[in-house]
2 protein chains.
Amino acid sequence: MSEENRRIVLASRPQGVPTGDNFRLETAPIPDLQEGEILIRTRFLSVDPYMRGRMNSGASYAPGVELDEVMVGGAVGDVVASRHPDFSEGDVAQASIGWQSHGVARGEEAHKVDPRLGPISTALGVLGMPGMTAYFGLLDVGQPRAGETVVVSGAAGAVGSLVGQIAQIKGCRAVGVAGSDAKVDYICNELGFAGGFNYKTAADYGEALAPLCPDGIDVYFDNVGGSISDAVFLQLNTGARISVCGQISQYNLKRPERGLRQTWLFITKRLSMRGFLVFDFAERYAEALRALAGWVQEGKLSYREDVVDGLENAPAAFIGMLQGDNTGKRLVRVA
Amino acid sequence: MSEENRRIVLASRPQGVPTGDNFRLETAPIPDLQEGEILIRTRFLSVDPYMRGRMNSGASYAPGVELDEVMVGGAVGDVVASRHPDFSEGDVAQASIGWQSHGVARGEEAHKVDPRLGPISTALGVLGMPGMTAYFGLLDVGQPRAGETVVVSGAAGAVGSLVGQIAQIKGCRAVGVAGSDAKVDYICNELGFAGGFNYKTAADYGEALAPLCPDGIDVYFDNVGGSISDAVFLQLNTGARISVCGQISQYNLKRPERGLRQTWLFITKRLSMRGFLVFDFAERYAEALRALAGWVQEGKLSYREDVVDGLENAPAAFIGMLQGDNTGKRLVRVA
């Protein structure tokens, strides 16, 4: 092949908020395939909050990216060569090949994307990892029951916007916390949330939340953490469940934040809190995909994609997403 | 009856650590019984950490004690009069009659104590509320599996000392955090804990804990909260469970403490944390009593009672217990 691979590598580790200098665009030859591998030409790549953790040295639940290595992440694109029996040239595949124009994946680690289910970009959004995260994190971890109030932070993001809608599909009242008036407008007027507030302009989170949750809060789906969670906790009902999906307010801190100790509430309110990774539910992805695709087709679940053009703009797209400049799923269109 | 009732009432609300001035000993006539009630002459009364919360105004999970009202709490004593068909004069009963020499309880709210199971004082300890708390809080909330490491804070107290032993009965390794070298000696050398440390002299809780938990921590039974919990959390294994029973380090604070935000760990380690009240398990008390009494009789579960004589000394016994001057169950012998 005469094409070259363009890729973005981790040039240096961020101190606090990442900057463009932490990334470097470079070219490299397209690798030859080994038996069992496929070559994907990227059409969309995903930028997600968890990637901030991978930029640090050392492992959290997964190893960090090494310096000068390609940034990690999911992508969807065309299979341009295959040495795996399940994939043929012309297939569309989703795999964790990172921020590059061409990536090699082992066939077992790639998923064939069915273009009939929706635009292929949805394999990185509503029908992909964010969709699975919302589905299992709300339904399995949060255990919502019809009539309950579900509060979600990061409510206009890729996961949060789905959580609120799935809550409503299950008969719950959804309330969202988001970072702009436009996002609050989006979740309330386009997605049907019962209410929401803009935490960037609210003087007091508790006072903003209370009138939106007159019957208290039964499920808190937490993407954000920090002082938004402090306020939500104080309004949790007896027996409430907290599903911990992300803590984006903490990812760019240079040193760990201190906050209110609220463990006493766990006793008085019999709270339960559980953290999860979507991979914990890998055996049930087919179930989630069926449900999510069905709801999309029935018009019950809508999604928005926030697409940035050009691999070279992936760092800025990622940095902006960490600061909340996206509504819905932030994607980078590569080809 | 010519006897008078001696009782201790809440004279004022504490600011921070309670003092003797917050209590007042007074006498009052012994009330007449209504139909369905029994009169108990107290032999032992219980002082427990939860009572600190009841001294505040306003309700937490239960209403606070009103000023000039009798301090709440469980007691065991002789039934000296009965207008309830299930109780006769001469029975021994346990009921929440508070800090007084004579108390009236409705029969349905009292439990007959079987003296063949052990000294009647155990109805306030290993065979009473602390025993039930340890049993359900460890086994149902903590879900320990054989071979796992269970860490308990407040390990030499009424509940903690039982938690570690029940963990061992279930094939776990018990490690305790306690507040004196004598307590650490007690849990390790008399109760068989695999290890323990004195948090009052340890320079670094994490460094004290690590060699005691070489395989990490699978269950944390938390009676204490605060910075002991901070250290334990950092050594929890993937899938660990936190059973929140008490937060005694926080009860006397004049303003809420701030601490490390560790919610991120819930995601990376898939932690789950649940708070409970023993009353949540009221329907299964008989099961717990059978198990606990059986283990005591088989010599698998030992307990220590730390008895202070005289109703007038109940305030000092309580205040001292909050500061950890007891080993095992702190009781007040009234008659």
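The values are calculated or read from the model by the stated rules, or taken from the named source; none is laboratory data. This is a predicted model, so every value here is computed, not measured. Note that we place each Cβ from the backbone using ideal geometry, even for glycine, and neighbour counts take in every protein chain shown.
Given A:Arg284, A:Arg274, A:Arg270, which one is outside any strand (DSSP E or B), facing chain B (nearest Cβ under 7 Å), in contact (Cβ under 8 Å) with a residue 24 or more places away in the chain and among the basic types (Lys, Arg)?
Answer to the selection: A:Arg270.
Could you check, for the stretch B:123-139, whether at least one of its residues is in contact with a Cys (Cβ under 8 Å, 6 or more places away or on another chain) and either under 23 Å from B:Ile169 (Cα atoms) or assigned by TED's automatic domain parsing to the domain that holds B:Val65 (or both)?
For the stretch B:123-139, residues in contact with a Cys (Cβ under 8 Å, 6 or more places away or on another chain) and either under 23 Å from B:Ile169 (Cα atoms) or assigned by TED's automatic domain parsing to the domain that holds B:Val65 (or both): present.
Check A:Gly239, A:Gly179, A:Gly142 and return the single one that is at positive phi and modelled with pLDDT of 95 or more.
None of the other options fit; the residue is A:Gly239.
Being touching a residue at least 40 places away in the same chain (Cβ under 8 Å) and assigned to a strand (DSSP E or B) is the filter here; which residues of the stretch B:69-91 pass it?
If the condition is that a residue be touching a residue at least 40 places away in the same chain (Cβ under 8 Å) and assigned to a strand (DSSP E or B), then B:Val70, B:Ala75, B:Val76, B:Gly77, B:Val79, B:Val80, B:Ala81, B:Ser82 are the ones that fit.
Scan (1) of a type in the set (Ser, Thr, Tyr); (2) away from every other protein chain (no Cβ under 14 Å); (3) buried (at least 16 other Cβ atoms within 10 Å of the Cβ) for the single condition A:Thr201 breaks and write down its number.
So A:Thr201 meets the others, but not (3).
Restricting to the stretch B:166-179, name every residue that is assigned to a helix (DSSP H, G or I) and either of a type in the set (Gly, Ala, Ser) or surrounded by 24 or more Cβ atoms within 10 Å (Cβ to Cβ) (or both).
Answer for the stretch B:166-179, where residues must be assigned to a helix (DSSP H, G or I) and either of a type in the set (Gly, Ala, Ser) or surrounded by 24 or more Cβ atoms within 10 Å (Cβ to Cβ) (or both): B:Ile166, B:Ala167.
I'd like to check something: does the stretch A:258-265 contain any residue that is under 21 Å from A:Gly160 (Cβ atoms) and more than 7 Å from every other protein chain (Cβ to nearest Cβ)?
Taking every residue of the stretch A:258-265 in turn, none turns out to be under 21 Å from A:Gly160 (Cβ atoms) and more than 7 Å from every other protein chain (Cβ to nearest Cβ).
Given (1) closer than 26 Å to A:Ala316 by Cβ; (2) surrounded by fewer than 18 Cβ atoms within 10 Å (Cβ to Cβ), identify the lone condition not met by A:Ile120.
Only one criterion is unmet by A:Ile120, namely (2).
Quick check on B:Arg258: is it surrounded by fewer than 22 Cβ atoms within 10 Å (Cβ to Cβ), in the same structural domain as B:Asp215 (by TED's automatic domain parsing), without any contact (Cβ under 8 Å) to a residue 60 or more places away in the chain and closer than 19 Å to B:Tyr205 by Cβ?
For B:Arg258, the condition - surrounded by fewer than 22 Cβ atoms within 10 Å (Cβ to Cβ), in the same structural domain as B:Asp215 (by TED's automatic domain parsing), without any contact (Cβ under 8 Å) to a residue 60 or more places away in the chain and closer than 19 Å to B:Tyr205 by Cβ - is met.
Within the stretch B:291-317, restricting attention to residues that are surrounded by fewer than 18 Cβ atoms within 10 Å (Cβ to Cβ) and of a type in the set (Asp, Glu), which residue is nearest to B:Gly73 (Cα to Cα)?
B:Glu312
Might you let me know whether the stretch A:123-136 holds any residue that is within 14 Å of chain B (Cβ to nearest Cβ) and either farther than 26 Å from A:Gly20 by Cα or more than 18 Å from the chain's Cα centre (by Cα) (or both)?
There is at least one residue in the stretch A:123-136 that is within 14 Å of chain B (Cβ to nearest Cβ) and either farther than 26 Å from A:Gly20 by Cα or more than 18 Å from the chain's Cα centre (by Cα) (or both).
Quick one: is A:Thr238 within 7 Å of another protein chain (Cβ to nearest Cβ), of a type in the set (Ser, Thr, Tyr) and surrounded by fewer than 23 Cβ atoms within 10 Å (Cβ to Cβ)?
no
For the stretch B:213-223, indicate whether the set of residues that are in a helix (DSSP H, G or I) and surrounded by fewer than 24 Cβ atoms within 10 Å (Cβ to Cβ) is non-empty.
No, the stretch B:213-223 contains no residue that is in a helix (DSSP H, G or I) and surrounded by fewer than 24 Cβ atoms within 10 Å (Cβ to Cβ).
If the requirement is being hydrophobic (A, V, I, L, M, F, W, C) and away from chain A (no Cβ under 14 Å), which of these qualifies: B:Val308, B:Val232, B:Val244?
B:Val308
Residues in the stretch A:200-221 that are within 20 Å of A:Gly147 (Cα to Cα) and either of a type in the set (A, V, I, L, M, F, W, C) or touching a residue at least 40 places away in the same chain (Cβ under 8 Å) (or both): how many?
Of the residues in the stretch A:200-221, 11 are within 20 Å of A:Gly147 (Cα to Cα) and either of a type in the set (A, V, I, L, M, F, W, C) or touching a residue at least 40 places away in the same chain (Cβ under 8 Å) (or both).
Out of A:Val296, A:Val307, A:Val232, which single residue is at pLDDT 95 or above, of a type in the set (A, V, I, L, M, F, W, C) and in a strand (DSSP E or B)?
Only one candidate qualifies: A:Val307.
Tally the residues that are over 19 Å from the mean Cα position of the chain (by Cα) and within 11 Å of another protein chain (Cβ to nearest Cβ), restricting the search to the stretch A:205-229.
So the answer is 1.
Suppose the filter is within 23 Å of A:Asp140 (Cα to Cα) and either touching a Gly at 6+ places or on another chain (Cβ under 8 Å) or not hydrophobic (A, V, I, L, M, F, W, C) (or both); does A:Gly259 pass it?
For A:Gly259, the condition - within 23 Å of A:Asp140 (Cα to Cα) and either touching a Gly at 6+ places or on another chain (Cβ under 8 Å) or not hydrophobic (A, V, I, L, M, F, W, C) (or both) - is not met.
When you look at A:Gly275, is it surrounded by 21 or more Cβ atoms within 10 Å (Cβ to Cβ), within 20 Å of B:Phe266 (Cα to Cα), touching a helix residue (DSSP H, G or I) at 6+ places or on another chain (Cβ under 7 Å) and of a type outside the set (Lys, Arg), yes or no?
For A:Gly275, the condition - surrounded by 21 or more Cβ atoms within 10 Å (Cβ to Cβ), within 20 Å of B:Phe266 (Cα to Cα), touching a helix residue (DSSP H, G or I) at 6+ places or on another chain (Cβ under 7 Å) and of a type outside the set (Lys, Arg) - is met.
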